[in-house]
1. Which angle between 0 and 90 degrees, to the nearest 10, do you get for helix A:238-247 versus the longest principal axis of chain A when only C-alpha atoms count?
2. Hey, what D do you get for the range A:31-189 in µm²/s if you plug the Kirkwood alpha-carbon radius into Stokes-Einstein at 25 °C and 0.890 mPa s?
3. Using DSSP to define loop residues, name the chymotrypsin sites (Phe, Trp or Tyr not before Pro) in the range B:101-206 whose beta-carbon has at most 10 other beta-carbon atoms within 10 Å.
4. How big a patch of accessible area, both sides summed and in Å² to the nearest 100, lies buried between A and B at a 1.4 Å probe?
5. Across the range B:23-29, in residue order, what do the Karplus-derived ³J(HN,Hα) couplings come to in whole Hz, using 6.51 cos²θ - 1.76 cosθ + 1.60 with θ = phi - 60° and x for Gly and Pro?
6. For helix A:177-192, what angle does its Cα long axis make with the longest principal axis of chain A, in degrees from 0 to 90 and rounded to 10?
7. For chain A, modelled as a Gaussian network with Cα springs under 10 Å, which listed residue fluctuates most, A:Gly148, A:Gly220, A:Gly133?
8. With +1 on each Lys and Arg Cβ and -1 on each Asp and Glu Cβ, how big is the dipole of the range A:1-115 about its Cα centre, in debye rounded to the nearest 20?
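The values are calculated or read from the model by the stated rules, or taken from the named source; none is laboratory data. Treat the numbers as computed from the prediction; the structure is a model and nothing was measured. Here the Cβ positions follow ideal geometry from the backbone for every residue, glycine too, while neighbour counts run over all protein chains shown. In case anyone asks, the SASA skips ligands and DNA or RNA and just uses the protein heavy atoms, side chains included. Shrake-Rupley method; radii C 1.70, N 1.55, O 1.52, S 1.80 Å.
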Amino acid sequence: MSVDKSKVLIEVQGLEKSFKDNHVLRGITTNIYQGEVVVIIGPSGSGKSTFLRSLNLLEVPTGGRILFEGTDITDKKVDINRHRQKIGMVFQQFNLFPHKTVKENIMLAPVHLKLMTKEQAGARAEELLKRIGLPDKADSYPGQLSGGQKQRVAIARALAMNPDVMLFDEPTSALDPEMVGEVLEIMRELAMTGMTMVVVTHEMGFAREVGTRVLFIDDGVIQEENEPKEFFSNPQNPRLKDFLSKVL
Amino acid sequence: MTFAEQFRFNFLENSRWQFIVTGLKNTLLISLLAVIVGVVLGFLIAVVRSSHDKSGKFKILNFFCRIYLTVIRGTPAMVQLLIVYYVIFSSVAIDKTVTAVIAFGLNSAAYVAEIIRSGIMSIDEGQTEAGRSLGLNFSQTMRLIILPQAFKNVLPALGNEFIVLLKEISISGYIGLIDLTRGGDIIRSQTYEALFPLLAVAAIYLVLVMVLSWLVDRLERRLRVSER
């Protein structure tokens with residue numbers, strides 16, 4: 001699968017976000033196309049997580065617009081819950097529901113939002129668990145899983161909704177080093193299926209190999225964006241050069 | 001008098017034990033109904049208050065809830081009971097048990113509200129975000145994700161509140177209602193013997209509280225199964 005430039009999935013126009021006096025996002029404009037894997041990097045406090053969380057309105061923007069599949073989701077009249085069903089999200093801290101089993105975690109939203117029957121959702125959960133390599137963990141509780149396993153389940157939970165795009169907010173930052181690989185592998189496989197992904201990460205290897213486009217955000221604006229090879233071998237922005245010299 | 005004679009004199013003669021039984025029945029009935037009033041009302045207040053804390057909704061409702069909590073928690077339960085009986089229902093012929101249920105229910109609601117609110121606030125914000133990101137609305141997220149976890153966390157504190165409530169009902173005698181304490185006290189006033197009736201009353205309270213703690217403990221352990 002490849003990027004389909006004719007189909008814009010998310011259109012971000014002049015996005016701004018401030019917390020009281022703190023201007024975190026200062027006007028971000030970009031399009032995310034069908035099939036893209038957009039990797040966002042930047043120093044801590046640059047606004048990259050806030051930008052990602054704005055895409056499904058977990059952070060409500062203070063300016064600008066976000067069009068998801070043509071609908072302005074920043075419009076107060078829009079039923080954001082309906083659009084969120086199509087925007088999967090994976091968090092740094094996994095945020096699995098500790099009082100539910102792995103299978104129940106995956107089934108909860110599709111069943112309660114009446115998108116699937118219990119049987120359908122159960123079958124879907126088992127299929128997803130097989131895909132992430134944890135078919136035997138269906139009846140375990142999140143507390144019984146390792147960090148890497150938790151994050152894989154969190155990915156499965158988001159996928160159960162059959163989203164059109166997946167957002168990843170530093171999905172490997174809370175993991176022990178030996179578990180990073182298994183999560184990145186699942187994400188790589190997901191990218192291969194043509195899933196549109198927006199990933200905030202510090203994993204430069206992933207950005208280089210899986211990303212179709214890399215954004216460098218600092219001071220609340222996109223300082224530079226390019227396809228990965230150019231981005232890493234020939235950075236233009238002095239801040240990006242400085243950042244890359246520190247992390248590579 | 002020997003032990004057996006004293007027992008006979010205090011409890012069996014003139015069927016005085018009936019005061020204890022009547023009192024126990026009233027105490028249990030009032031506790032049960034007041035707990036229901038307290039939990040339902042307290043739960044609603046907690047949801048209003050924590051929704052306000054989290055998202056700034058319900059400004060006016062939250063304001064009234066805060067006044068309610070301040071007044072109820074800032075005055076003694078006994079004064080509240082007397083006010084409900086002598087002021088609010090002064091001109092209405094109303095059963096004393098109902099008066100007590102209302103007074104203790106309203107009182108308990110304030111404490112239950114703050115206990116449940118603390119439970120809701122103790123759940124990591126990430127849980128709400130995870131629920132909302134899946135497309136669940138606010139109340140679905142509350143009902144399916146936050147409240148079950150919050151309830152588990154506050155169960156010991158809730159159990160404690162029920163124990164306090166059960167014992168607090170002993171002030172019902174002040175509105176002329178025969179609760180367990182007043183039942184024992186009536187026997188004392190008839191026999192001029194304090195030891196037996198009051199010890200009997202104390203022992204019954206102790207057993208009730210122990211049973212209640214045991215039940216809460218069991219429920220708590222059952223809910224904890226999912227943790228590990």
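1. Tilt relative to chain A: about 40 degrees.
2. Values: Rh = 16.6 Å.
Here the translational diffusion coefficient equals 148 µm²/s.
3. Working: sites: B:Phe104, B:Tyr111, B:Phe138, B:Phe151, B:Phe162, B:Tyr174, B:Tyr192, B:Tyr205; in loops: B:Tyr192.
For chymotrypsin sites (Phe, Trp or Tyr not before Pro) across the range B:101-206 that sit outside H, G, I, E and B with at most 10 neighbouring Cβ atoms in 10 Å, the list reads B:Tyr192.
4. Working: alone 11670 and 12820 Å², together 22550 Å².
Accessible area lost upon association: around 1900 Å².
5. Result, rounded to whole Hz: x, 4, 4, 5, 4, 5, 4.
6. Rounded to the nearest ten degrees, it is 90.
7. Sorting by GNM fluctuation, first place goes to A:Gly133.
8. That gives a dipole near 240 debye.
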